[in-house]
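Values in this text are rule-based calculations from the coordinates and carry no lab data. Keep in mind the model is a prediction, meaning the values are calculated, not measured. Ideal geometry is used to build each Cβ from the backbone, glycine not excepted, and the neighbour counts take in all protein chains shown.
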Number of protein chains: 2
Amino acid sequence: MKLTGKAARAGAENGPAILLFAPQLGENVGQVARAMLNFGLADLRLVRPRFGWPNAKAVAAAAGAHAVLNRMRIFPGLAEAAEDLHHLFATTARPRELEKPVMTAEAAAAEARRLVGEGRRVGFLFGPERSGLSNAELALADAIVTIPLNPAFSSLNLAQAVLICAYEWFEAGDRTPPRREAAGEPPATKAELAGFLAFLVEELDRSGFFRSPTRRRSLVRAIEVMFERRRPTRAELNLLWGIVKQLGRRGGTRNL
Amino acid sequence: MKLTGKAARAGAENGPAILLFAPQLGENVGQVARAMLNFGLADLRLVRPRFGWPNAKAVAAAAGAHAVLNRMRIFPGLAEAAEDLHHLFATTARPRELEKPVMTAEAAAAEARRLVGEGRRVGFLFGPERSGLSNAELALADAIVTIPLNPAFSSLNLAQAVLICAYEWFEAGDRTPPRREAAGEPPATKAELAGFLAFLVEELDRSGFFRSPTRRRSLVRAIEVMFERRRPTRAELNLLWGIVKQLGRRGGTRNL
């Protein structure tokens, strides 16, 4: 598969392999393929799946992620599936007392980026839907990945766990700015805003809005603060100018 | 719903509401409920769902996230669904030229945490499965959230998009250390390691391993570097001591 644009720049073509140990349902494998490709991963490896292949449910659930299913490989054991990898992260919901570092998905993704940047081949291993990985498989891993969950309801399915790891991998290499401010016109200048505020206050004076000099002082200040904070554009100031003029005219008429 | 432990400490009880605008499939609503509760969110609101309620497929897909479905509310319009909220993030796959800031899910989660910390009520709005939100709904939002995806395959479904936003919300308040080193014995002391290395070199000297003084110098250095980097534990050093002793004995026997 050839990735284009941002995904290719992010180095996704050398992205981690996803290894599924003894997956039970073809449908889940399809969902995993879809989750992977959304985040630019394409190397899917199954170890002893408990269903036949090809699998119509997997194809349907992949929702078009054929690039992943077409190059997917099936292995008789985990050692064979991982033989070309330099570093294996194994995911588990319950990190047992293993002599391995335990990492969040985010930290693992950052480490995977670093390793791939050094030319290493990296894999993420996921266990069977119902039981997860056993100690025998975890022993082959270099590090354990655990996704922090609500302790009162921890029920992430296989494709969701893959989705989050793939998302973190993509995020760790993605250069989308965290926040882009709204495009559009710049705010009006200080002088333009001051001109409008002077006009508004004059109209309010004319309409008797302020009632007393003390009230006037504090209300004028409140109006200034309100507009300074919002920084209207020139077009918005023109609109407000029109509104005030029109209301002032009607007010004037009514007061006559 | 009462959250316990880490989720409660993370302030999840005041967590963002999830608003689904005109969802098409009950099954997706169930998957959304499941995704939410995994990350401690429980306030689900539907606007004009296109299916009847209660919905058996939603309940089945929720996989036990009853706490979310039981308090779920259905509204005739978006204004009603959002009326108690101070801040609405709207998700879209294609951020159009709107006069709104556009944020990643991670940045939006951090801002949501900040707002909730100030006592504001926050919501995340998601559009219908097929079409996404239209400009009419986006206009009600304070900011737009877009999840960066592989430009060559962008096919995140509704529950997956909710999952990632909920995950980022939880992450932003979670205090799991990014990496915990393997528990277990500390490495042996410098002196213990030096003692073993001296023994090893002596045995290798005896066995004629080094062949020449130049070779000996560089190989001894390589052995020291190898062991200094790995820092074996005292138990491992004892194991290695036994191995070297046994091999040296056999080697000695063979050489006689």
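Based on alpha-carbon centroids, what's the gap between the stretch B:147-163 and the stretch A:40-100 in Å, whole number please?
20
Inter-copy label distances at A:Ser154, 7 Å along the Cα→beta-carbon direction, one decimal in nm, shortest first?
Listed shortest first, these distances are 3.5 nm.
Starting from a label point 7 Å past Cα on the Cβ side, list the distances from B:Pro178 to the same position in the other copies, nm, shortest first.
Going from nearest to farthest copy, the values are 1.3 nm.
Normalised by the residues of the stretch A:190-255, what does the relative contact order come to in percent, with Cα pairs under 8 Å and at least six apart?
Rounded, it is 53 percent for the stretch A:190-255.
Pairwise over distinct Cα atoms, reciprocal of the mean inverse distance: report the Kirkwood radius of the protein assembly as shown in Å, one decimal place.
Over the protein assembly as shown, the inverse of the mean reciprocal pair distance is 27.1 Å.
Relative to the Cα centre, what is the charge dipole magnitude of the protein assembly as shown, using +1 at the beta carbon of each Lys and Arg, -1 at the beta carbon of each Asp and Glu, and rounding to the nearest 20 debye?
Charge dipole of the protein assembly as shown: 380 debye, to the nearest 20.
Could you give the angle, 0 to 90 degrees to the nearest 10, between helix A:105-117's Cα long axis and the longest principal axis of the Cα atoms of chain A?
Helix A:105-117 sits roughly 70 degrees off the main axis of chain A.
For chain B, what's the relative contact order in percent, using C-alpha pairs closer than 8 Å and at least 6 residues apart?
That works out to 20 percent.
Mind jotting down the three principal axis lengths of the stretch A:148-227 based on Cα atoms? Whole angstrom, largest first.
Between the extreme Cα coordinates on each principal axis of the stretch A:148-227 lie 70, 34, 16 Å.
Would you work out the Kirkwood radius for the stretch A:130-187? I mean one over the mean of 1/r across all pairs of different Cα atoms, in Å.
Computed over Cα pairs of the stretch A:130-187, the Kirkwood hydrodynamic radius comes out at 15.3 Å.
Could you tell me what a quarter of the Cα convex hull surface of the stretch B:55-141 works out to, in nm² with one decimal place?
Its average projected convex-hull area is 7.1 nm².
Treat every Asp and Glu Cβ in chain A as -1 and every Lys and Arg Cβ as +1, leave all other atoms uncharged, and give the resulting dipole magnitude about the Cα centre to the nearest 20 debye.
Magnitude of the dipole: close to 1520 debye.
Give me the inter-chain shielding for A:140-151: mean count of other chain Cβ atoms within 10 Å, whole number please.
5
Label position 7 Å from Cα toward Cβ: report the copy-to-copy distances for A:Ala60 in nm, one decimal, ordered from shortest.
So the label point of A:Ala60 gives 1.2 nm to the other copies.
In peptide A:36-42, how many Cβ atoms from other protein chains are near each Cβ within 10 Å, on average?
Neighbouring Cβ atoms belonging to other protein chains average 5 per residue here.
At a temperature of 10 °C and a viscosity of 1.306 mPa s, determine how fast the stretch B:108-206 diffuses translationally according to Stokes-Einstein, using the Kirkwood radius over alpha-carbon pairs as Rh; express D in µm²/s, rounded to the nearest whole number.
Estimated via Stokes-Einstein, D reaches 84 µm²/s.
Regarding the stretch B:196-248, what's the average projected area of the Cα-atom convex hull, expressed in nm²?
Value for the stretch B:196-248: 3.4 nm².
Over all directions, what mean area does the Cα convex hull of chain A project, stated in square nanometres?
Reported value for the Cα convex hull: 22.9 nm².
With a 10 Å Cβ neighbour count serving as the proxy for reagent exposure, in which order, fewest first, do B:Trp53, A:Trp241 appear?
B:Trp53, A:Trp241
Could you work out [θ]222 nm for the protein assembly as shown from helices alone, using -39500 (n - 2.57) per DSSP H run of at least four and dividing by all its residues? Round to the nearest 500 deg cm²/dmol.
So the helix-based figure for the protein assembly as shown works out to -15000 deg cm²/dmol.
Starting with the highest mean, order A:59-69, B:224-234, B:126-136 by the number of other Cβ atoms within 10 Å, averaged over the residues of each peptide.
Top of the packing list down: A:59-69, B:126-136, B:224-234.
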